[in-house]
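Visitor: Would you mind keeping the following structure in view while I ask a few things?
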Amino acid sequence: MTASTLTTRRELLRSFAGGSLLMPGLLSELLADGSLVGSDPLAPRPSHFPAKAKQVIFVFSNGGVSHMDTFDHKPELEKADGKKTGAGGGLSNQQRVLLRPLWKFRPGGQCGTLVSDLFPHLRECMDDIAVIRSMNGNDNEHYNATLGMHTGSFFFSRPSIGSWVSYGLGTMNNNLPSFIALAPQMPYAGTQIFNNDFLPAYHQGVRVVGGPEPIANLDRRSKQRGLQELELGLADVLNNRHLNSRVADTDLSARIRSFETAFRMQADAPEAFDIDQENDDTLAMYGLQRGQSEGFGWQCLVARRLAERGVRFIELVDGSSSDNWDQHGDMAEHAIHARQIDQPLAGLLRDLKSRGMLDQTLVVWTTEFGRTPGVDGAKGRGHHSACFSSWLAGAGVKGGIAHGTTDEIGATVATDRVHVHDFHATILHLMGLDHTRLTYRHAGRDFRLTDVHGHVVREVLA
């Protein structure tokens, strides 16, 4: 709450205190107790060391994207198509028939990083991207792997990475939430992907769904000048008085704070989500038509607009728990999902770069796990956490490189393993946060995003 807001509400309350609308005695008592004065729990906080990135755009492709069909070229797997492999090699104890990649790989950018034809637009942006081909997780089930990628915990609910960043650094714009999830559909693990869990409730992500009303019930209830301010001012006094006897109740204080944020969002949020302010060339860059208010292109353009306005952590969810990259039946369906995100993601990177924003914005793309080299289902691939691919771009990232390798068929990590904990430690490092120092005491112990694990992957840092 800003000083000017406090002053305005005090003046409004005092102006009504002497009239017949409210009881002067009650208001005088409430104003005298100092309830409206308080610190801002989302005020910007200093990082542990100078940060490369000020904000994160975190893109999550739900369902398990096949690494050997996208960012991890496996010519030996092409030669072994139809052959059987035995136990070991990161596969199950049963023999499986190997399945060749369905798309050709070609060099991208000046760096020559090989990317499949699933991502022709992104392939042109590889000079700004560091691909990690040696990612590794702990679980082959969608729910657990999605939970792990977002919270660092594969089996128990914990705060999401966006909540940790909000907790560690605060917000850069008091008129918008510090953490926004552009999630038209819920992926596996549901709301846990943007949940604060045991962190103070101020740091929970705000879900945005797109469409004519991206955030429900945001419009003013009354157009009468000053009425809403008066109502919120009185509610704020009463709420804070109630909170004074419950100072440890972060849910209550967060609810009070949410009234303030919602009030300020009425002015800033509609403008931030109004992409019709963009010119035709910008809309075309994201593959959008004028008037469109949903789809992955809309999510990417809104993400840029939110980053432009200082939102600290923005997540984009690609796919739902029922319509996603989980192709057991036919790997050819990967093409449908790739078409939906390829041009918008490339447009996002180009747009950020052209505006000078990529130098301070970290863009992350990941999935929960990869897929098996062998056939699973009719013509598909199975879940595979032993190795998969993710990438980073933007602030502090060494673009134009591929880090780590998998074996000749993409079954196991061969060199430079990067566990999910290492991935998280690297993201926090780029934000100026030491993952071993970003802790919160809960249930008698100090918790952190990376638990007791994690190493910064310095090879991908500029």
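Visitor: Suppose each label sits 7 Å from its Cα in the direction of the beta carbon; what would the V452-D323 distance come out to in nanometres?
Guide: 4.5 nm
Visitor: Is the range 57-204 rounded, prolate or oblate when judged by the Cα gyration tensor, a ≥ b ≥ c being the square roots of its eigenvalues, rounded requiring a/c under 1.5 and prolate requiring a/b larger than b/c?
Guide: Oblate shape, in that a/c is at least 1.5 and b/c is the bigger or equal ratio.
Visitor: What base-10 log of the normalised intensity I(q)/I(0) is obtained for the range 282-370 from the Debye formula, alpha carbons as equal point scatterers, at q = 0.11, 0.13, 0.22 Å⁻¹?
Guide: The calculated log intensity ratios at q = 0.11, 0.13, 0.22 Å⁻¹ are -0.34, -0.47, -1.15.
Visitor: Distance from the Cα centre of the range 284-356 to that of the range 116-174, in angstrom?
Guide: Measuring centre to centre over Cα atoms gives 15 Å.
Visitor: Around G63, what is the net charge, scoring Lys/Arg as +1 and Asp/Glu as -1 over all other residues with Cβ under 11 Å from its Cβ?
Guide: So the surrounding residues net to -4.
Visitor: Counting each pair of different Cα atoms once, what's the Kirkwood radius of the range 343-383 in Å, rounded to one decimal?
Guide: The Cα-based Kirkwood calculation yields 12.9 Å.
Visitor: Compute the normalised compactness of the range 320-458: alpha-carbon radius of gyration over 2.2 N^0.38 Å, N being the residue count.
Guide: Rg over 2.2 N^0.38 Å, computed on Cα atoms: 1.23.
Readers should treat all values here as calculations from the given coordinates under stated rules, not as data from a laboratory. What you are looking at is a predicted structure, and each value in this text was computed from that prediction instead of being measured. Positions of Cβ are backbone-derived with ideal geometry, glycine not excepted, and every protein chain shown enters the neighbour counts.
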